[in-house]
Each structure stands twice: as C-alpha cells, then as structure tokens.
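The structure appears below as structure tokens.
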Amino acid sequence: MNNNSDNNSNHNSNNSSNNNLDKTAPYSSEEANRTKTDDKSQSKKNNDERAYAIVLYGATSFVGKITAHYLTNFLSNATSKGDSDITWAIAGRDEDKLKALQSKLESKVDIIVANSNDQDSLDKMTKQTRVIISTVGPYLKYGEPLIKSCTSQGTDYVDLTGEAIFIKDMMDKYQDDAKKSGARIVNSCGFDSIPSDLGVYFTQQQAEAQFDEVCHVINMRVKAAKGGLSGGTVASMATIFEEVGQDKSRRKQVANPYLLNDDQDAPNTRQTNVSKPEYDKDHKRWVAPFVMASINTRIVHRSNQLLGYEYGRDFKYDEAMWMQDGVKGQLMSYGMSAGLLGFGAAMMFKPSRELLSKHVLPKTGTGPSKSEQENGYFDIRFFGETPSGDEITTKVTGDRDPGYGSTSRMLAQSALCLAQDIDEDDVEGGFWTPSTAMGDKLMTRLEEHAGITFEVI
C-alpha cells in the first residue's frame, strides 16, 4: 500500500497516483500477462471515438435528478481541463421527463431514450459512452440488462446498489464478458459502500505507514448520521426481502460474509456480526445493528481478495451503530434492534410488505428535501488493531445527507474518476470495488469535490 506522508492529518489531496497494489490479483498470471486481444484493442479504439464520456441512466429518478444537478454544476465550474471538457448526457425511458429535467439544468446536455426492457436501446446507449452511471433500481429487477450491455460493449459502469445478491449474480454471469471487452464494473459507489470500503483502505494505509503492518481487525462504528430514506431505497430493500423470503438459497447467500469473494479458496475466518444490542466496554457505549453492514462488509472482503489479501486471510471486519452510554443508550440500542428485526420480518411476507409500502414507507420518486440533504451529515469511525497489538483510529465524514446529498456526489466523482483518471492498462475489465478500481485517485476527488474527509484521529 502507499504510505501517506502525514499520518496525523487528512488524506493528502494532492496525491494523484493510484495505489500501487496488484490490480490483477484475482486473475491468473496467464490472464494478467496475456497479450491484449483484438477485441479489447478494438474496444479501446471505439472508446476514443465515443460521443460521451459519461451517460447518467435513470436521470429522472430521485437520486438521478440530484446527481444530474450536481454533475451540471460541477462540470460547469470545473477548473481542471479534463473535467471542464467532459461531454455527457442524461438517459432514461421517458423522453418527456428527460426534457423536463433538461430544461432545469444550468447547462444543456443531450438526451438518450433507453429502456431496460429493450436491449437494443441499451446497446445503442452504451456504445455512445465510456462510462455509464446507473441509478435504476431495484437492481435485482431492472439492473441485469444494462450490465449485460456494458460488458458486451466494453463500457465502464458505476452504480449505487446495496444489493449484494445482485452483484453476486452479475459477477457469476458476466465476469468473463467484462474481462474480454475491457468493461470495468464498479458497484456500490454511494453511501453503500464507499465510506466503508475506502475507510478500511485508508485505515490500512495509515497502519502500514505507522506500524509497518496492516490491521487484522477493524471495527466500523457509525458515530453520527442525519438523513432520510427515498422510495427507491425502500423498493430495493423490499425486493431483497422478497427474494430471501421466497428462496432458501438466497438466505444462505445473504448470510455468507464472503459472498462476493469469487476465488476458489475464499477465507473461512468466522466474522462477527452485530445483530443485537451490545455494550462496547472499550468505548463505553451501547451499539446496535447497522442496516447497511450486510452490503458494506461484503464489499470490504471482496476488496481484500482483489488486493491479493493484503489485509490478511484472517482479516476481521464488522459494522454497527454507536448509541449513548447509560440507560438511554441501552433503550435506544434495544429499540433500534427491535425495529430492524420487526421491519425485516414484516418485509419478508407479501401482505405486510405491501401494507408497509402503501401506508408507511416513502413512495417511489420521493425522498429528503433539498434542505434536508444539505443539512445532513455522517461521521463514521474505524478502530483498527494490528497483529502486534498496535491500535489506530480513523474517521470518514461527509457534509451532506448520506443517502442522497453525499451519495450523488460520490457516484458522480466515481464515474469521472473512472473516465478521466484510471488507465485501462492499469485496471483491466472485470468486476471491481471502489477502492480496488480507483483507490487514492478517488479519495482525492472525494476530498476536493464531494465534501468527504479521511482522517487519522
């Protein structure tokens, strides 16, 4: 891992080099050293000739609109030549809604009409761009046709899915196609799971710099967060619970901490899982389950695999929410745990799921107001320990609502990073995680342009 020259300060935002770890670790040496195929050479040639650097697909969704406005404002005021020269377009299935959004953006962007039910329309779209941003969920229902198109056309892809079983399905079906075409597929580029994935990556960098060894245990704790749910997020959660409720094999997948490790000899280290109220004696706080741990932990373990198990094959990682000390914290912890358990149980069965969706939960296309997004924030802490017993604490913070204000920025900067900063010879086609595909370069972008900080405490 790269060492950071200032171990007690924010991540060095002037660091323009990507991490120097072996990006081809999950592939055989024969594959890593193979001569570029004619197909891949052709995809690179076509890549240079594509009309757009980025296409935002699902632009009229709740988070899509936020991302479109952010991209417009950012690119209109970009000072670096690469970003200021970006050409991009918005895409979706409803031309009228796209035109309405187009009229509200500060600068003109093109429109592409494409539908996940029409593979030809998706192929026409993906042929025109180097990177696709997808905000079209639930991904289990609507995501596969676009992944199929990107992997066949050699088009890079980012999304904000928190659906681990969707990622697993897509890896199983399209990993070989992505390798062949050169398409870099990077899932979970929002609050699921950039703060966790890059937070662990940053913590391990700092541990190696300070102690000359990485942490074999890291515990992530959500110290504070303020934000809200959108209808799209609820729809994704409902889809996952529906799948798990109908298929026992899905339950086994969801329970597997190494679900996304696709090597033949995945680790078997028993992972802790905060699934009920617990008291953290070290920090004198109650803790409760964190709803996003089920995706974040899987992404982190996949990153470890893709990095050649730089974190160690016995690496342990868990996530939870911090509550207060004392009786109030205990009650909050039990309340949170009971609420999540009850919600999960209700969402497993169709009648109760439909009742909640109809009368209680946010509707599709709705979400936090602009004021709520701007006044939101998150502060998450990482407590690491090395095999020698040295300890390190880091934090990742964001200055917007985590699920939307911050997520839209992380998603947009991930696409820009993949399009502008990551050479195809350095990161080849395949399914990656944010830290393994973009590493330090994405951290730099997030600190400079997305209100995200990485810091040793």
Solvent-accessible area per residue for the stretch 136-268 (1.4 angstrom probe, square angstrom): 35 Å²
Segments 331-340, 235-244 sorted - mean Cβ within 10 Å per residue, highest first: 235-244, 331-340
Principal axis dimensions, largest first and in whole angstrom, of the chain by Cα: 60, 54, 44
Proximal lysines to K223, defined as alpha-carbon separation beneath 27 angstrom and excluding residues fewer than eight positions away on the same chain: K276, K281, K284, K316, K328, K370, K395, K441
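Net charge around K350, counting only other residues with Cβ within less than 13 Å of its Cβ (Lys, Arg = +1; Asp, Glu = -1)? Mind showing how you got there, number by number?
Details: positive: R353, K358; negative: E242, E243, E354.
Residues near K350 contribute -1 overall.
Give me the percent of accessible area attributable to carbon and sulfur for the stretch 88-175, probe 1.4 angstrom.
Roughly 40 percent, rounded to a whole number.
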Contour excess over end-to-end distance, with Cα ends at H283 and T393 and 0.36 nm allotted per residue: 38.4 nm
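Take the Cβ-Cβ distance between S103 and D426 as r, set R0 to 45 Å, and report the resulting FRET efficiency rounded to the nearest 0.05.
The value I calculate is 0.70.
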Listed peptides 287-293, 352-358 by packing density, highest first (mean Cβ within 10 Å): 287-293, 352-358
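Mean residue ellipticity at 222 nm from the helices of the chain, using -39,500 (n - 2.57) per DSSP H segment of n ≥ 4 over the full residue count, to the nearest 500 deg cm²/dmol?
-14000 deg cm²/dmol
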The chain: DSSP helices with Cα axial extent of at least 27 Å and average Kyte-Doolittle hydropathy no lower than -1.0: 326-348
Total formal charge among the other residues, if their Cβ is under 10 angstrom from that of I112, Lys/Arg +1 and Asp/Glu -1: -1
Cα-based shape type of the stretch 203-255, given that a ≥ b ≥ c are square roots of the gyration tensor eigenvalues and the cut on a/c is 1.5: oblate
Hits among aspartates and glutamates - C-alpha to C-alpha of K99 under 17 Å, sequence gap 8 or more where chains match: D110
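The values are calculated or read from the model by the stated rules, or taken from the named source; none is laboratory data. Small disclaimer: the values here were computed from a predicted structure and weren't measured. Cβ coordinates were reconstructed from backbone atoms using ideal geometry, including for glycine residues, and neighbour counts include every protein chain displayed. The accessibility values were calculated without ligands, DNA or RNA, using every heavy atom of the protein model including side chains. Shrake-Rupley method; radii C 1.70, N 1.55, O 1.52, S 1.80 Å.
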